[in-house]
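The structure appears below as structure tokens.
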Amino acid sequence: MKTTVKFLFVCLMGLCAVSCTDYQEELDALSYRVTELENLVSQVNSELQTIKKVTDVIADGDFITDLTENNEGYIITFKKHGAIQLKHGATGADGKDGKDAQAPDITVEKGADGNWYWKLNGQWLTDNTGNRIRSNAVDGKDGKDGKDGTDGKDGKAVAPQVRINDKGSWDISTDGGNTWTDTGTPASGKDGKDGNTLVQSIATITIAGSSYVRITLVSGVTFDIPIATT
């Protein structure tokens, strides 16, 4: 009888060890996934801010004063708008047992008025009054009336923000994070976990000698930014 009890006790301890190991592996996998998604959100928001600055540079007629290449891409310094880091264009890496993680299709397009406006899934992003949301800021114009007028205020422009909601889809905000809208785009492949995911809006960065830098977005939009001549 004692032998039987001892045998059952050993079996139960073995099952417990297996169960605890499996549980810990699940916790580790969950923690890894959360970290990956947090990094993905940070990356997409950073790229949207970069695109906004590039449209500011184009609209303002700014130019490049310094260009430095590093392991991640290029550090580009503009005369008026400071420096930005542009990472080498790339596509997503395969996820584990599933598809690449996805990001909402957010891009910009030049309007008839010469300004750049945000688009989501091919449609113009609009505010709550139906106006298209501009990417680049616009300088205020001088006052009129024959006297020295005061400069108008700079036009406001924002970069959309994104997050991943509790359904695993991307939310987008166009008012600084006060309100959010579900884009319906899943943040990861439906069949498995994310791998070392890299989702970028910038497809290529081309240096045209000492003349200009061409930035091409995944959407096909291109920006040619002149390099200052010395």
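The values are calculated or read from the model by the stated rules, or taken from the named source; none is laboratory data. Nothing here was measured: the structure is a model prediction, and the numbers come from that model. Methodologically, a virtual Cβ is constructed for each residue, glycine included, from the backbone with ideal geometry; neighbour enumeration extends over all protein chains shown.
Read through the list (1) modelled with pLDDT under 90; (2) in a strand (DSSP E or B); (3) not charged (D, E, K, R), then give the number of the only condition that W170 fails.
Just one mismatch for W170, condition (1).
How many of the residues in the stretch 187-226 are modelled with pLDDT under 85, buried (at least 18 other Cβ atoms within 10 Å of the Cβ) and assigned to a strand (DSSP E or B)?
1
I need a count of the residues in the stretch 120-167 that are hydrophobic (A, V, I, L, M, F, W, C), at pLDDT 90 or above and out of contact with any Pro (no Cβ under 7 Å at 6 or more places or on another chain). So that I can check it myself, show each step before the final result.
Quick first cut of the stretch 120-167, residues hydrophobic (A, V, I, L, M, F, W, C) only: 120, 124-125, 133, 137-138, 157-159, 162, 164.
If we keep only those that are at pLDDT 90 or above too, we end up with 120, 124-125, 133, 159, 162, 164.
From what is left, the residues that are out of contact with any Pro (no Cβ under 7 Å at 6 or more places or on another chain) are 124, 133, 159, 164.
So the answer is 4.
Mind listing just one residue for me: the one in the stretch 37-62 that is without any contact (Cβ under 8 Å) to a residue 24 or more places away in the chain and hydroxyl-bearing (S, T, Y) and, of those, surrounded by the fewest Cβ atoms within 10 Å (Cβ to Cβ)?
Among residues in the stretch 37-62 that are without any contact (Cβ under 8 Å) to a residue 24 or more places away in the chain and hydroxyl-bearing (S, T, Y), the one surrounded by the fewest Cβ atoms within 10 Å (Cβ to Cβ) is S42.
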